[in-house]
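Participant: Okay, here's the structure, questions in a sec.
Each reported figure results from applying straightforward, stated rules to the coordinates on display, with no laboratory input. These figures come from a predicted structure and were not determined experimentally. Every residue, glycine as well, gets a Cβ built from its backbone with ideal geometry; the counts of neighbours run over all protein chains shown.
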Amino acid sequence: MKSLEDLKKLRDQIREDIKIRAKGERVKITIGMGTTGIASGAREVLKAIVNELEIRNYSDIEILQTGSIGLDAKEPLLTVEKPGLPKVTYGLVTIEMAKRIVVEHVINSQIIGDWVIRSS
Amino acid sequence: MKELALNILDLLENSAAAKAENIMLIIYENTDKIHIELKDDGSGIDGNPNRLLDPFYSSKNKKIGLGLPFVKEIVTLCQGSMDIQGKPGSGTNISFNLPKGCIDLPPLGNIVSTIITFITLHPEINFKYEHVIGEKFSIFDSQEFKTMLEDVPINHPKVLKLLESYLENNLKNLYGGN
């Protein structure tokens with residue numbers, strides 16, 4: 001960002017974008033951000049998710065955090081809730097996996113079964 | 001933790017769990033030492049603050065992890081110093097000093113990544129970050145960005161990308177040159 005003008009320009013652009021694209025149904029992603037989650041790479045996983053969303057121009061999304069849920073050995077943990085699909089938790093998520101989860105599950109509604117550790 | 005920036009993220013998450021609305025992170029570096037300070041206006045600390053350094057202490061009301069015990073370990077290994085202040089209702093203030101020559105001191109690491117992650121997860125918290133290196137300093141205030149963004153969320157992926165390059169640039173100017 002070179003100036004505040006850039007930020008204003010981006011703001012107006014995003015506003016237009018939201019008007020055209022927003023379908024009103026939001027995907028909820030929850031990431032484990034307790035001590036274990038952070039130590040096992042949750043920050044990098046979250047960054048990869050945001051990056052991928054930016055590249056795909058997808059923003060109907062809510063990203064939340066949670067502390068330890070008792071599955072520390074499976075951190076980083078990522079839970080995806082998309083309207084119409086079961087709520088699914090992925091474990092031992094890497095940066096590469098995070099990118100695919102965004103494209104296949106979040107955007108294209110295809111749950112990646114092999115990586116799921118909990119489904120409800 | 002491989003980076004101090006990850007310890008900082010853990011402590012920031014504690015502040016969020018303590019319902020802080022305003023958080024300030026100050027990093028002060030010179031050739032000999034690094035000083036890190038975190039102030040929040042969350043629920044503060046009930047009882048003796050030092051018990052939070054005990055890895056076996058846990059409170060049922062507060063979900064705080066091993067963030068503080070891990071920092072305490074580095075402080076002990078490097079013979080640095082640490083201070084925790086906070087009473088119920090008056091927020092928490094954590095600061096620690098570490099000598100840069102210490103072999104057990106993890107690098108500061110990617111502080112920009114820590115800040116972006118925190119803003120992604122907690123857009124409603126007003127976050128201030130001040131970084132001083134020798135004579136140079138940079139200041140970031142998320143509130144200013146939010147005012148400018150009006151109804152557009154600060155954690156929109158495109159805004160985050162812009163914020164990241166903005167913070168990286170600031171940091172580059174801090175470390176680079178004379």
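Participant: Select from the stretch A:35-72 the residues that are more than 19 Å from B:PHE70 (Cα to Cα), part of a helix (DSSP H, G or I) and more than 7 Å from chain B (Cβ to nearest Cβ) and list them in ascending order.
Facilitator: Passing the criteria: A:GLU44, A:VAL45, A:ALA48, A:ILE49, A:ASN51, A:GLU52, A:ILE55.
Participant: Looking only at the stretch B:121-178, how many residues end up being without any contact (Cβ under 8 Å) to a residue 60 or more places away in the chain, within 17 Å of B:LEU12 (Cβ to Cβ) and of a type in the set (A, V, I, L, M)?
Facilitator: 4
Participant: Can you name the residue in the stretch A:68-99 that is basic (Lys, Arg) and surrounded by 15 or more Cβ atoms within 10 Å (Cβ to Cβ) and, of all such residues, is nearest to B:GLU13 (Cα to Cα)?
Facilitator: This residue is A:LYS74.
Participant: Can you find even one residue in the stretch B:16-39 that is of a type outside the set (A, V, I, L, M, F, W, C), touching a Ser or Thr at 6+ places or on another chain (Cβ under 8 Å), more than 14 Å from chain A (Cβ to nearest Cβ) and crowded, with 18+ Cβ neighbours inside 10 Å?
Facilitator: Checked the stretch B:16-39: at least one residue is of a type outside the set (A, V, I, L, M, F, W, C), touching a Ser or Thr at 6+ places or on another chain (Cβ under 8 Å), more than 14 Å from chain A (Cβ to nearest Cβ) and crowded, with 18+ Cβ neighbours inside 10 Å.
Participant: Going through the stretch A:15-33 one residue at a time, which ones are crowded, with 19+ Cβ neighbours inside 10 Å and without any contact (Cβ under 8 Å) to a residue 40 or more places away in the chain?
Facilitator: The one that is crowded, with 19+ Cβ neighbours inside 10 Å and without any contact (Cβ under 8 Å) to a residue 40 or more places away in the chain: A:MET33.
Participant: One residue is enough: does the stretch B:133-148 have a residue meeting the conditions in contact with a Pro (Cβ under 9 Å, 6 or more places away or on another chain), within 9 Å of chain A (Cβ to nearest Cβ) and crowded, with 16+ Cβ neighbours inside 10 Å?
Facilitator: No, every residue in the stretch B:133-148 fails to be in contact with a Pro (Cβ under 9 Å, 6 or more places away or on another chain), within 9 Å of chain A (Cβ to nearest Cβ) and crowded, with 16+ Cβ neighbours inside 10 Å.
Participant: Against the definition (within 30 Å of A:ILE31 (Cβ to Cβ) and either under 15 Å from the mean Cα position of the chain (by Cα) or assigned to a helix (DSSP H, G or I) (or both)), how does B:SER113 come out, yes or no?
Facilitator: Judged against the criteria, B:SER113 is a match.
Participant: Give the stretch A:88-107 a look and list any residue that's farther than 19 Å from B:LEU121 by Cβ and part of a loop (DSSP other than H, G, I, E, B), or say none.
Facilitator: Across the stretch A:88-107, the qualifying residues are A:GLY91, A:LEU92, A:THR94.
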